[in-house]
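These notes are about the structure you will find just below.
Every number in this text was worked out from the coordinates using simple rules, so none of it is lab data. Because the structure is predicted, anything quoted here is derived from the model rather than measured. All Cβ positions, glycine included, derive from the backbone under ideal geometry; neighbour counts span all protein chains shown.
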Amino acid sequence: MDMEALKRQAAARALERVTGGMKLGLGTGSTARHFVDLLGEKVRAGMKVIGVPTSEATRAQAEQCGIALTTLDEVDRLDLTVDGADEVDPALNLIKGGGGALLREKIVAAASDRMIVIADETKWVDTLGRFPLPVEVIPFGLGATRRAMEQAFAVAGVSGQMVLRKGKDGHAFVTDGGHWIVDGHLGRIADAPRLASLLNAIPGVVETGLFVGLASTVILAGVNGIRVVERR
Ligand code: 5RP
């Protein structure tokens, strides 16, 4: 079975939890893309939902699929966000931001009553950190921010290279919010909540890809079927 088929299976399982009238956060990435696609089919068949996209890419896709959209200025809370992840650990902490949408993804997830993560089984890890940790930063004063990040890494007991993410044009990748991303190649993050709070205390850091305590359910699709893990 190919990876795209697994991602679509996870997306289809998440869609079973969507009912008419829901306000939904719409994630970003190749797995979330399947979800938006399948949701579009439901909408065209008559289901009424309203969505808040977590990136300009998802906004464009959702509009094409005919999904009604709103913003977090117009609605108070969302019922559910469905999004992908780069890594998931057994506490349902996540690394996100491989696609560069971590800031909007976190704002939307935090405004949602529940967050379902959809992924293929390769995203499940014992300890976060094999996937480079995306940290969204302000371009101004990047040197100072990087030095402060290095100190935060040391205090949290991690170390590794920091790499400024580049776009296809070879220049710094620019997020939907106009910021840059530094990817921390840390290998192993023993205490994700501590590292997240240390990094978030740095003035030049906008947000990190560590999603702590936000996911309520993870749907993992593998060759032997689907595994659903609920937050305890
Ligand atoms: C984008 C993300 C994605 O959800 C994450 O990168 C997973 O993407 P994919 O489903 O393509 O593996 O956080 O910022």
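So what J values fall out for the stretch 104-121 if you push phi through Karplus, 6.51 cos²θ - 1.76 cosθ + 1.60 with θ = phi - 60°, rounded to Hz, Gly and Pro as x?
Residue by residue, the stretch 104-121 yields 5, 4, 6, 4, 5, 4, 5, 8, 10, 5, 9, 10, 9, 9, 10, 6, 7, 5 Hz.
With θ taken as phi - 60° and the coefficients 6.51, -1.76 and 1.60, list the Karplus ³J(HN,Hα) couplings across the stretch 200-215 in order, rounded to whole Hz; mark glycine and proline as x.
5, 7, 8, x, x, 8, 7, 6, 10, x, 7, 9, 10, x, 9, 6
So what J values fall out for the stretch 142-148 if you push phi through Karplus, 6.51 cos²θ - 1.76 cosθ + 1.60 with θ = phi - 60°, rounded to Hz, Gly and Pro as x?
So the Karplus estimates, Gly and Pro as x, are 4, x, 5, 5, 4, 5, 5 Hz.
Would you calculate, for the chain, the mean residue ellipticity at 222 nm contributed by helices, counting each DSSP H stretch of 4 or more residues as -39,500 (n - 2.57) and dividing by all residues, to the nearest 500?
-9500 deg cm²/dmol
Pick from 108, 125, 88 the residue whose mean-square fluctuation is largest in a GNM of the chain, springs joining Cα atoms under 10 Å.
It is 125.
Give the calculated FRET efficiency between residue 151 and residue 173 to the nearest 0.05, with a Förster radius of 25 Å applied to their Cβ-Cβ distance.
E between residue 151 and residue 173, to the nearest 0.05, is 0.55.
Restricting to DSSP loop positions (anything but H, G, I, E, B) with no more than 11 other Cβ atoms inside 10 Å of their own Cβ, which GluC sites (Glu not before Pro) remain in the stretch 55-151?
When the GluC sites (Glu not before Pro) of the stretch 55-151 are filtered for loop state and at most 11 Cβ neighbours within 10 Å, 74 remain.
Report the extension gain between residue 76 and residue 41 in nm, rounded to one decimal, defined as 0.36 nm multiplied by the number of residues separating them, less their alpha carbon distance.
Working: separation 35, 0.36 × 35 = 12.60 nm, distance 2.62 nm.
Residue separation times 0.36 nm, minus the Cα-Cα distance, leaves 10.0 nm.
Under 18 Å from a point placed 7 Å out from the Cα of residue 142 along the Cα-to-Cβ direction: which residues of the stretch 96-114 have their backbone N that close?
Zone members listed by number: 98-103.
Report the extension gain between residue 60 and residue 229 in nm, rounded to one decimal, defined as 0.36 nm multiplied by the number of residues separating them, less their alpha carbon distance.
So the extension gain works out to 57.8 nm.
Hey, can you grab everything whose amide H is under 5 Å from the amide H of residue 18? Only 5+ residues off in sequence or another chain; H modelled, so Pro and N-termini drop out.
Those lying under 5 Å, H to H, from residue 18: there are none.
Could you tell me how many degrees, from 0 to 90 and to the nearest 10, lie between the Cα long axis of helix 3-15 and the main elongation axis, the longest principal axis, of the Cα atoms of the chain?
It works out to around 60 degrees.
More than 24 angstrom separation, counting every C-alpha pair in the stretch 16-155; what % is that?
Of the Cα pairs, 35 percent sit more than 24 Å apart.
Place a +1 charge on the Cβ of each Lys and Arg in the chain and a -1 charge on the Cβ of each Asp and Glu, then give the dipole magnitude about the Cα centre in debye, rounded to the nearest 20.
Charge dipole, the chain, about its Cα centre: 160 debye, nearest 20.
Local charge sum around residue 228 (other residues, Cβ-Cβ under 15 Å, Lys/Arg +1, Asp/Glu -1)?
+3
Expressed as a whole number of Å, what is the distance separating the alpha-carbon centroids of the stretch 1-72 and the stretch 148-178?
29
Give the lysines whose C-alpha is closer than 18 Å to that of residue 106, dropping any in the same chain fewer than 8 places away, or say none.
Correct list for residue 106: 23, 96.
Determine the equivalent ellipsoid of the stretch 133-204 by diagonalising the alpha-carbon gyration tensor, then write out the semi-axes as square roots of 5 times the eigenvalues, largest first, rounded to whole Å. The partial results should precede the final answer.
Working: eigenvalues 89, 34, 21 Å².
Each semi-axis is the square root of five times an eigenvalue, giving 21, 13, 10 Å.
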